[in-house]
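First comes the structure, then the notes that go with it.
Only the coordinates and a few stated rules stand behind these numbers; no lab work does. Keep in mind it's a predicted model, so treat the numbers as computed, not measured. Please note: Cβ atoms are built from the backbone with ideal geometry, for glycine as well, and neighbour counts cover all protein chains shown.
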Amino acid sequence: MKPTTFLLFFSIWAANASLRPPTPFISRNGDTTQLTRSLSVRGGDLGPISAGELAKTFGVLAIGDAVSGAVAPVEVWEKIGVNIEKGSKGEHYLGHGMAASALSLSVMSLLALFEKCSTQEAIAYGFLTRGAFMTEMLLNGKYKELGVPSAPHLAIYLAILATSFALLSGKFEPMNAAKIISVLLSGHGALLFLNPRTNDDDKTKKMAKIDGGYMFISSVFAAFLAFGVDPVRAMGFTSIACLPLMLSVFDLISADEIFGLSPSTWLVALFVFIGASAYGMLS
């Protein structure tokens, strides 16, 4: 069976499974509790796949985005009908920029979901991952090349390092600092996604938009963790934020077919997959 055919069958199965009413939450004294606050929705499941496994799947998928963006963005994007010039701003946005957010998200989410460390430490390692990419950009003058001032990014960079140190050492009210940094990064990503202020052609602006969207979903996941949301639920909410990002990706694709299927077919299948997965993690 072709991978594309498998994806379609999985998406149809997931959509069907998601229609099953969720198992009610039973407290220790046997009472059924109806949760009313939106951020108190508990993690559920999707058929035989647990909510935790669904959340981990999104963390693993982010690793693929990180590797492709860091190693061979031009070649990978070309396979899905997006042509990028080597050395261009577009290569930075869909390569280095996207890889920084994707790897930060995968490190943070998988550490938290596999419970390899505390949530506080997971946020720190996610921040440090982004900081590593920022170090390279500050050293090679990439911010100046992109036409953006280095000073604000240097300030954020130092704040990320200081917050990561505080999170790992437990000093200086670290979670308050993590909330501020994650909200700032989420806001920056959202603004870049909604209105990429670059003096470039429309195609490059669309690439900057994708970079901003990925920064938003990575940082908003960190924000959910910092504000005390369970990692599985946090990934459920974050996966919903992937939907507008997905639309932007497909708006950039010019190919008539991707691995034998039309872009519109892929878009529907991925929307069903993400939507059903979000339901499984939140319902």
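Structural remarks
- Positive end of the dipole of segment 160-259 (Cβ unit charges, origin at the Cα centre): among TYR214, GLY170, SER254, the Cα lying farthest that way belongs to GLY170.
- Stretch gain in nm, segment SER262-LEU61, where the contour uses 0.36 nm per residue and the Cα spacing is subtracted: 70.2 nm
- Summarising the amide proton neighbourhood of LEU261: residues at separation of 5 or more, or on other chains, whose placed amide H is nearer than 5 Å comprise an empty set.
- Prolate/oblate/rounded label for segment 51-157 (Cα gyration tensor, a/c 1.5): oblate
- Local electrostatic count at ALA72 - Lys and Arg +1, Asp and Glu -1, tallied over other residues with Cβ under 14 Å: -2
- Computed 3J(HN,Hα) for segment 76-93, one whole-Hz value per residue from the Karplus formula 6.51 cos²θ - 1.76 cosθ + 1.60 where θ = phi - 60°, is 5, 5, 5, 5, 10, x, 10, 8, 10, 6, 5, x, 7, 4, x, 5, 5, 4, glycine and proline marked x.
- Volume of the Cα convex hull of segment 183-267, divided per residue and given in Å³: 88 Å³
- Estimated distance in nm for a label pair at ASP202 and ILE180, the labels positioned 7 Å out from Cα along Cα-to-Cβ: 4.2 nm
- Over 29 Å between alpha carbons, listed pairs LYS86/LYS209; LYS142/LYS179; LYS144/LYS206; LYS56/LYS79; LYS89/LYS116; LYS56/LYS203: LYS89/LYS116; LYS56/LYS203
- A simple spin-label model places pseudo-atoms 7 Å from Cα toward Cβ; at ALA72 and LEU138 they are separated by 3.3 nm.
- Phi angles across segment 96-106 convert, under the Karplus curve 6.51 cos²θ - 1.76 cosθ + 1.60 with θ = phi - 60°, into 3J(HN,Hα) values of 4, x, 5, 5, 4, 6, 5, 5, 4, 5, 5 Hz, Gly and Pro given as x.
- Computed about the Cα centre, the dipole magnitude for segment 80-216 is approximately 140 debye when only Lys and Arg (+1) and Asp and Glu (-1) carry charge, each at its Cβ.
- Using a Förster distance of 51 Å, the FRET efficiency for ILE80-GLU173 (Cβ separation, nearest 0.05): 0.70
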